[in-house]
Amino acid sequence: MAHMTSPAPTVGFDLDMTLIDSRPGIRACYLALSERTGTYVDADLAVTRLGPPLSEELVNWFPPEEVESVADLYRELYPATAIAPTLAMPGAREAVAAVRRAGGRAIVVTAKFEPNAKLHLEHLGIEPDAVIGGLWAEQKAEALREYGAQVYVGDHLGDVRGARAAGALSVAVATGPCGEPELRAAGADVVLADLTAFPQWFEGFLGGRPQEAVGGSGS
């Protein structure tokens, strides 16, 4: 896959478990949802499989005909329960800053409900150039192509698929539910242990050095 073709690259980032550790906040939101609906949700289990759309988790706990209305309630509860407990992932701010220093654009492309995604980033002081929500896996290619992203960084197999569908370089971080071997097997071009390795890798990418020569975890 080609290196960047513009002196000002655009880099896309996933949100949950890539830029932010939303597990504490999402756990709190699921507990609030259980209290409001009277339906048990194993919040500890749910936060181990973040990435896919909300409906794919809710169908494990609610009848299919209730999923849409329960999802609306979850999103309503989210700002008051999930924003404050959520933390930035190590290296998240520095990764976005590395793109900015290069004169590039950093965008966030996530399956999360876009208004709530923006609340997370505002709360944590992470300021991307654009936030596009409601897109999962191959759907993410729509936004990546629209913004001309040459790189997409994510933690899930769905993020790898989205990057490849967009013709972007897939940079995976092993900070979510998918381990390094699984990410590599899915076709990630580069696998980093976490975002703290991204600035060094990105410097090498801009300089045209082979990706495998820089970054974390021998990637």
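The values are calculated or read from the model by the stated rules, or taken from the named source; none is laboratory data. What you are looking at is a predicted structure, and each value in this text was computed from that prediction instead of being measured. Backbone-built Cβ (ideal geometry, glycine too); neighbour counts: all protein chains shown. To get the accessible areas, we keep the full protein, side chains included, count just its heavy atoms, and leave off ligands, DNA and RNA. Shrake-Rupley method; radii C 1.70, N 1.55, O 1.52, S 1.80 Å.
Using Stokes-Einstein with the Kirkwood hydrodynamic radius over Cα pairs, what translational diffusion coefficient do you get for segment 140-210 at 4 °C and a viscosity of 1.567 mPa s, in µm²/s rounded to a whole number? Let's see the in-between values first.
Working: Rh = 12.1 Å.
Estimated via Stokes-Einstein, D reaches 107 µm²/s.
Determine by what factor the alpha-carbon radius of gyration of segment 1-143 differs from 2.2 N^0.38 Å, reporting the quotient.
Working: Rg = 16.3 Å, N = 143, 2.2 N^0.38 = 14.5 Å.
With N residues counted in segment 1-143, Rg over 2.2 N^0.38 Å equals 1.12.
Mind checking the per residue accessible area of segment 1-103 for me, 1.4 Å probe, whole number of Å²?
Values: 4900 Å² over 103 residues.
The answer is 48 Å² per residue.
Roughly to the nearest percent, how much of the accessible area of segment 96-176 is carbon and sulfur, given a 1.4 Å probe? Please list the in-between numbers first.
Details: 1340 of 2950 Å².
On segment 96-176, the fraction of accessible area on carbon and sulfur atoms equals 46 percent.
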With -39,500 (n - 2.57) per DSSP H segment of 4 or more residues and division by the full residue count of the chain, the 222 nm estimate, nearest 500 deg cm²/dmol, is -12000 deg cm²/dmol
Work through the residues other than residue 51 whose Cβ is under 15 Å from its Cβ and net out their charges, Lys, Arg +1 and Asp, Glu -1.
-4
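Two decimals is fine: what's Rg over Rh for segment 85-191, C-alpha atoms, Kirkwood radius as Rh? Provide the component values of the computation, followed by the final result.
On the way: Rg = 13.1 Å, Rh = 14.0 Å.
Using only Cα positions, Rg/Rh for segment 85-191 is 0.94.
Against the 2.2 N^0.38 Å scaling, with N counting residues, where does segment 52-118 land? I'd like the Cα-based Rg ratio to two decimal places. Walk me through the numbers before you get to the answer.
Working: Rg = 15.9 Å, N = 67, 2.2 N^0.38 = 10.9 Å.
With N residues counted in segment 52-118, Rg over 2.2 N^0.38 Å equals 1.46.
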